[in-house]
Structure formats: structure tokens, C-alpha cells
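Chemist: Can you keep this structure in mind? I'll have questions shortly.
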Amino acid sequence: MNVELVKEYYVEAAHCAPECGVNGARQHGHSFRIEIVVAGPVESPYGWLIDFSEITGAFEPLRRQLDHSDLNKIPGLETPSFEGLAAWLDKGLRPALPMLKEVRVTAAGAGDFAPQELDEDLFRNLPRRLRFSFEAAQSLPHLPDGHPCRGLHGHTYHVEAGAMDLMRLWGHLRGLYEALDHRYLNEVAGIGAATSERLCAWIWDFLSRSIDDLNIVVVQETNSARCIYRGK
Ligand SMILES: [Zn+2]
């Protein structure tokens, strides 16, 4: 019996990479989704190819270098594109993971302006709303030395915005996307230190110029953390 095992991780990092779309040469960032694929026969008496924790153990020293970093400054990572990062990871993982088959690197977002409508969620007290993602870099230089968010890093941001008239709101989201996507958020006028909270307030102000029935803005920086703002 031969199988492939896939273990997925995310690192929050900045880069400039002309290979990364039409605006790739601008300072920006992503939540980089890293899929580590190992393959081989199931011969262990435990009934598995390899313990998933062995993959995590092999990845950990590399994760520590990449997470909340600027990929353009990582030693040995000459091309900080998705493909270049996959090749760097392959080289770093292979000595500890001889069963390694492939490393895939993608961004956690849609990769384009593609809003989706979300239904009302009574359990979470969320109204009908639109959701899209953008890719950006940021730093929080006012934080103390040693805090991971102090230096340049990046995220795939998922934004949700709600209003009574979603069609009208939809018409104003592209301008918002273009103001934020593939940018260094600290340089976008009026954002400053781009915490999720400040970004929520900035997006609220941006949309409120045209939308008078805005009722919610949600900013999700990582898979597991989001900020909800209802305008007061
Ligand atoms: Zn990129």
C-alpha cells in the first residue's frame, strides 16, 4: 500500500517578487500556504507512512526563519517567489524527510478580486455580507523589540463588509481592493500602524464615504484571528 500524506502550514511573511503577478514588484506579503507532501509504502507497525509530528519537527526550524519575516532577507533564498520558496523548502526539508515528494507554496487568498456573498449567520450575530481577500505587507514598529509583529511581515487579509444594499456595496469594493492589494499598508495614507483594529476603522471610513447603511466590517489577518467592527 502506497500513500501520499499532505501536511499544511501557514507563514505570515512579506516579499517583493516580480514573479508574483502584475504588482508583485511592489512591497507586499501573504499568508503563505505551505503543503509538504511525503510519499511511500505503509510498512510501519503503527499503520502509518510517517508520524505527522515528524513532518512538523522537520519543518519547525524553517518555519522559525520564515514566519513574520521579509522573505527578501532570508539567507539562501535567492528568488523569494512562491516557486523559489518551494525549492528552498525542498532543499531544507529533504535531509530530515527522505520520503519528501513535493513542497507546494500558494497564497491563502483568492489571488484576485472575487467577492463572495455570505449568508446571515445568526449563531455569530453576523448579517448578510460580502467577502474578498487581498495580499499585503505591514509592520508595527511601535511594538517592543522581540515582538514578532514589529518587523516587516505580511498576511492574506480576508475582509467582510455588510450593508442593507449589498449590490450597491459591491460596486464600491473594487476601489477598496485596489487601495490595499499588493501594498505595504504602513504607506497607505491614513492607516499608519496597520493592526486589524485600525484597518477595520480605515475600511469603515473608506466605505462610509459612499455607503450610508454599512453595518459591519470584519478583518481576518490569519486563519485563526479576526476583528469585528460595527461602527462604534
Ligand atoms: Zn506575492
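Coordinate-derived values only; no laboratory data. Please read these numbers as outputs of a predicted model, since none were measured by experiment. Because the Cβ atoms are built from the backbone with ideal geometry, glycine has one as well, and the counts that use them run over all protein chains shown.
Chemist: Return the calculated 222 nm mean residue ellipticity for the chain, to the nearest 500 deg cm²/dmol, obtained by summing -39500 (n - 2.57) across DSSP H runs with n ≥ 4 and dividing by the residue count.
Modeler: Taken over the chain, the calculation gives -7500 deg cm²/dmol.
Chemist: Excluding residues fewer than 8 places away in the same chain, name every one of the lysines whose C-alpha is closer than 19 Å to that of LYS91.
Modeler: LYS7, LYS73, LYS101
Chemist: Restricting attention to region 1-103, which chymotrypsin sites (Phe, Trp or Tyr not before Pro) occupy a DSSP loop and are surrounded by at most 13 other Cβ atoms within 10 Å?
Modeler: Taking region 1-103 and a limit of 13 other Cβ atoms within 10 Å, the loop chymotrypsin sites (Phe, Trp or Tyr not before Pro) found are TYR46, TRP48.
Chemist: I would also like to ask the following. Of all the Cα-Cα pairs you can form in the chain, what percent are over 32 Å apart?
Modeler: In whole percent, the share of Cα-Cα pairs in the chain beyond 32 Å is 29.
Chemist: If you filter region 114-167 for GluC sites (Glu not before Pro), then keep DSSP loop positions with at most 13 other Cβ within 10 Å, what is left?
Modeler: Those satisfying the criteria are GLU120.
Chemist: Over the Cα atoms of region 116-229, compute the convex hull volume and normalise it per residue, giving Å³.
Modeler: Output value, Cα hull per residue: 101 Å³.
Chemist: Here's something else I'd like to know. Mind checking which of THR79, THR56, THR195 has the largest fluctuation in a GNM of the chain, springs on alpha carbons under 10 Å?
Modeler: THR56
Chemist: Once the Cα atoms of region 2-107 are picked out, what are the Rg and Dmax in Å?
Modeler: 14.8, 51
Chemist: Which trypsin sites (Lys or Arg not before Pro) does region 112-156 hold that lie in a coil by DSSP with at most 13 other beta carbons within 10 Å?
Modeler: ARG124
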